[in-house]
Amino acid sequence: MENIFIRRSIRKYQDKSIEKEKIEKLLRAAMQAPSAGNQQPWEFFVVENKETLGKLSEISPYATMLKEAPLAIIVLSNEERMKFPEYWQQDLGAATQNILLEAVELELGSVWLGVAPLKDREDFIKNIFNLPQNITPFNIIVLGYPKEPQVNKFVDRYEADRVHFEEY
């Protein structure tokens, strides 16, 4: 539970590569996520090339940290794997959350950059990587070793007035 409570969006990273073993752990965590009917419609595009990360940073004004990040994982959906297509975004959201929580476990910083359902952002990524028609980008997860120490700390966000028992 500690990882849930201390996870934060981290946008500044050290100039240090992430080890292959850690990348695999992040992807393994993602693939343990629940999905509708166990359809597991996800695929993952791992980007470490600095030039490509720089290109990706142009997707939105909120993506500038990609220029300095050592790693991005693009979470993709594959419509050919969908038994329940209306739930693909929920499935990929769960996979994304697993990556974010595993990043905390691995002492990495991360931030989730939204892509879907914005068609211009989806097309931007499809064009960079020449993705097939059946593949839709869901988001970009930017990862790296945090530049500032101890950035993950507990902030109590619990609000009792948002909880309803049996009636509104």
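The values are calculated or read from the model by the stated rules, or taken from the named source; none is laboratory data. Bear in mind that the values here come from a model prediction, so they are computed numbers and not experimental data. Here the Cβ is made from the backbone with ideal geometry for all residues, glycine too, and neighbour counts use every protein chain on show. Areas reflect the complete protein model, heavy atoms only, side chains present, ligands, DNA and RNA absent. Shrake-Rupley method; radii C 1.70, N 1.55, O 1.52, S 1.80 Å.
Tell me whether the stretch 50-58 contains one or more residues that are surrounded by 19 or more Cβ atoms within 10 Å (Cβ to Cβ), touching a Phe, Trp or Tyr at 6+ places or on another chain (Cβ under 6 Å) and modelled with pLDDT of 95 or more. Reasoning before the result, please.
Going through the stretch 50-58, the residues surrounded by 19 or more Cβ atoms within 10 Å (Cβ to Cβ) turn out to be 53, 56-57.
Among the residues that remain, those that are also touching a Phe, Trp or Tyr at 6+ places or on another chain (Cβ under 6 Å) are: none.
Scanning the stretch 50-58 turns up no residue that is surrounded by 19 or more Cβ atoms within 10 Å (Cβ to Cβ), touching a Phe, Trp or Tyr at 6+ places or on another chain (Cβ under 6 Å) and modelled with pLDDT of 95 or more.
Output yes when any residue across the stretch 81-88 is in a strand (DSSP E or B), touching a residue at least 40 places away in the same chain (Cβ under 8 Å), surrounded by 14 or more Cβ atoms within 10 Å (Cβ to Cβ) and aliphatic (A, V, I, L, M), and no when none is. Spell out the reasoning first.
As a first pass, look at the stretch 81-88 and keep what is in a strand (DSSP E or B): none.
Within the stretch 81-88, not a single residue is in a strand (DSSP E or B), touching a residue at least 40 places away in the same chain (Cβ under 8 Å), surrounded by 14 or more Cβ atoms within 10 Å (Cβ to Cβ) and aliphatic (A, V, I, L, M).
Yes/no per residue for (1) out of contact with any Asp or Glu (no Cβ under 8 Å at 6 or more places or on another chain); (2) among the polar types (S, T, N, Q):
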residue	(1), (2)
LYS67	yes, no
LEU76	no, no
GLY109	yes, no
LYS119	yes, no
ASN130	yes, yes
VAL155	yes, no
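For every residue, the table says whether it meets (1) among the charged types (D, E, K, R); (2) open to solvent by 70 Å² or more (accessible area, probe 1.4 Å); (3) touching a strand residue (DSSP E or B) at 6+ places or on another chain (Cβ under 6 Å); (4) modelled with pLDDT under 95.
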position: ILE18; (1), (2), (3), (4): no, no, yes, no
position: GLU21; (1), (2), (3), (4): yes, yes, no, no
position: PRO34; (1), (2), (3), (4): no, yes, no, no
position: VAL47; (1), (2), (3), (4): no, no, yes, no
position: ILE74; (1), (2), (3), (4): no, no, yes, no
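Select from the stretch 110-166 the residues that are touching a strand residue (DSSP E or B) at 6+ places or on another chain (Cβ under 8 Å) and assigned to a helix (DSSP H, G or I) and write down the one among them that is surrounded by the most Cβ atoms within 10 Å (Cβ to Cβ).
The selected residue is ILE125.
Within the stretch 139-147, is even one residue modelled with pLDDT of 95 or more and more than 30 Å from PHE5 (Cα to Cα)?
So far as the stretch 139-147 goes, no, none of its residues is modelled with pLDDT of 95 or more and more than 30 Å from PHE5 (Cα to Cα).
For the stretch 123-138, enumerate the residues that are out of contact with any Lys or Arg (no Cβ under 9 Å at 6 or more places or on another chain) and under 24 Å from ALA29 (Cβ atoms).
ILE125, PHE129, LEU131, PHE138, listed by residue number.
So, in the stretch 36-45, of the ones that are open to solvent by 20 Å² or more (accessible area, probe 1.4 Å), of a type outside the set (D, E, K, R) and touching a residue at least 24 places away in the same chain (Cβ under 8 Å), which residue ends up farthest from TRP112 (Cα to Cα)? Before the answer, list the steps.
So in the stretch 36-45, the residues open to solvent by 20 Å² or more (accessible area, probe 1.4 Å) come out as 36-38, 40, 43-45.
Add one more test, that the residue is of a type outside the set (D, E, K, R), and what stays is 36-38, 40, 44-45.
This time we only want the ones that are touching a residue at least 24 places away in the same chain (Cβ under 8 Å), so: 36-37, 40, 44-45.
Numbers: ALA36: 22, GLY37: 25, GLN40: 20, PHE44: 14, PHE45: 14 Å.
Top of the filtered list is GLY37.
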